[in-house]
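Working notes, beginning with the structure itself.
The values are calculated or read from the model by the stated rules, or taken from the named source; none is laboratory data. Here the structure is a predicted model, which is why all the values come from computation and not from measurement. Counting neighbours? That spans all protein chains shown, and the Cβs are built from the backbone with ideal geometry, glycine included. What goes into the accessible areas is simple: the full protein's heavy atoms, side chains included, and nothing from ligands, DNA or RNA. Shrake-Rupley method; radii C 1.70, N 1.55, O 1.52, S 1.80 Å.
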Amino acid sequence: MPGRDCPRCPRLVALRESWREREPEWFNAPVDSFGPPDARFLIVGLAPGLRGANRTGRPFTGDYAGDLLYSTLKEFGFARGRYQASADDGLELIDCRITNAVRCVPPENKPLPREIASCRDFLAATIKEMPRLIAALALGRIAHETFVVASGARRSEYPFGHGNTRPLGAIKLFDSYHCSRYNTNTGVLTPQMFREVIAQVRKQLDAA
Ligand code: SF4
């Protein structure tokens, strides 16, 4: 896990420091993974949202993407408790962990390729510390590609596509469009499409 002052991405460090001044009560630091390391299922998002995880300190917590993600996880038995959009709401993940491709908030939700590459070491370490991992869900193309590379495979052999499922060593990789407000508002991803992907993961884990 990177320290609070990880210096690797100067552009993201500058943004982090400016928000520490503007909003000293916010988390404003690299956001750690959420959920137990012995989970069999890992969800990989893009990066903390400015007023979501960057504010609350927990992935997908405090913005719209979290509303859809956590309600769907609860429906399929991957979470219990009440999601109340704050890191101390007591929500628990079951056999599931959530992380991000990039751990610091990027301007306009758009990390640069070199920032994605710099943060990949932390994703690779997250994968390595999960001995029971057999299913991963990439939310969007960037999460998909960095997960493939972090797993030691070639990205050209694993094209991203919503609903795709591919074995990647011992792990089955599932793809979904990101559950962002933009994607749901524009109809790129409906809640039902997202449910269908999580249902597939549930089925795989139940059969394992
Ligand atoms: S995005 Fe990752 S590598 Fe870059 S500064 Fe933040 S924690 Fe460090």
>> Return the residues of segment 181-208 that are crowded, with 19+ Cβ neighbours inside 10 Å and outside any helix (DSSP H, G or I); say none if nothing qualifies.
In response: LEU189
> Do you know which residues across segment 121-140 are under 12 Å from the mean Cα position of the chain (by Cα) and within 16 Å of the ligand (Cβ to nearest atom)?
Replying inline: LEU123, THR126
> If the Cβ limit is 7 Å and pairs must be 6+ apart or interchain, which residue in segment 122-137 that is over 13 Å from ASP95 (Cα atoms) pairs with which residue that is among the hydroxyl-bearing types (Ser, Thr, Tyr)?
Replying inline: LEU123/THR99; LEU123/THR146; THR126/SER33; THR126/THR99; ILE127/SER151; LEU137/SER176
> Does segment 6-39 hold any residues that are out of contact with any helix residue (DSSP H, G or I) (no Cβ under 6 Å at 6 or more places or on another chain), more than 11 Å from the ligand (Cβ to nearest atom) and closer than 23 Å to PRO131 by Cα, and which are they?
Replying inline: PHE34, GLY35, PRO36, PRO37, ASP38, ALA39
> Which of the strands (runs of 3 or more DSSP E) contained wholly in segment 128-180 include at least 3 residues that are open to solvent by 10 Å² or more (accessible area, probe 1.4 Å) and farther than 12 Å from VAL44 by Cβ?
Replying inline: 165-168
>> Against the definition (away from the ligand (no atom under 16 Å from the Cβ) and open to solvent by less than 50 Å² (accessible area, probe 1.4 Å)), how does TYR64 come out, yes or no?
In response: no
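Residue-wise test of (1) part of a loop (DSSP other than H, G, I, E, B); (2) modelled with pLDDT of 95 or more.
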residue	(1), (2)
LEU50	yes, yes
ASN54	no, yes
PHE60	yes, yes
ALA85	yes, no
VAL102	yes, yes
> Of the residues SER118, SER86, which is near the ligand (Cβ under 10 Å from one of its atoms) and either farther than 24 Å from ILE171 by Cβ or out of contact with any helix residue (DSSP H, G or I) (no Cβ under 7 Å at 6 or more places or on another chain) (or both)?
Replying inline: SER118
> Restricting the search to segment 1-45, which residues are farther than 20 Å from LEU123 by Cβ, in a loop (DSSP other than H, G, I, E, B) and open to solvent by less than 60 Å² (accessible area, probe 1.4 Å)?
Replying inline: TRP26, ASN28
> Which residues, counting only those in segment 104-121, are in contact (Cβ under 8 Å) with a residue 12 or more places away in the chain and either within 22 Å of ILE198 (Cα to Cα) or in a loop (DSSP other than H, G, I, E, B) (or both)?
Replying inline: CYS104, VAL105, PRO106, PRO111, LEU112
>> With the requirement that a residue be charged (D, E, K, R) and touching an Asp or Glu at 6+ places or on another chain (Cβ under 9 Å), what does segment 52-87 give you?
In response: ARG55, ARG58, ARG80, ARG82
> Mind checking which residues of segment 49-61 are under 15 Å from ALA138 (Cα atoms) and either over 13 Å from the mean Cα position of the chain (by Cα) or open to solvent by less than 10 Å² (accessible area, probe 1.4 Å) (or both)?
Replying inline: PRO59
>> Looking at (1) over 30 Å from ALA170 (Cα atoms); (2) surrounded by 23 or more Cβ atoms within 10 Å (Cβ to Cβ); (3) more than 13 Å from the chain's Cα centre (by Cα), which one does PHE78 not meet, given that it meets all the others?
In response: (1)
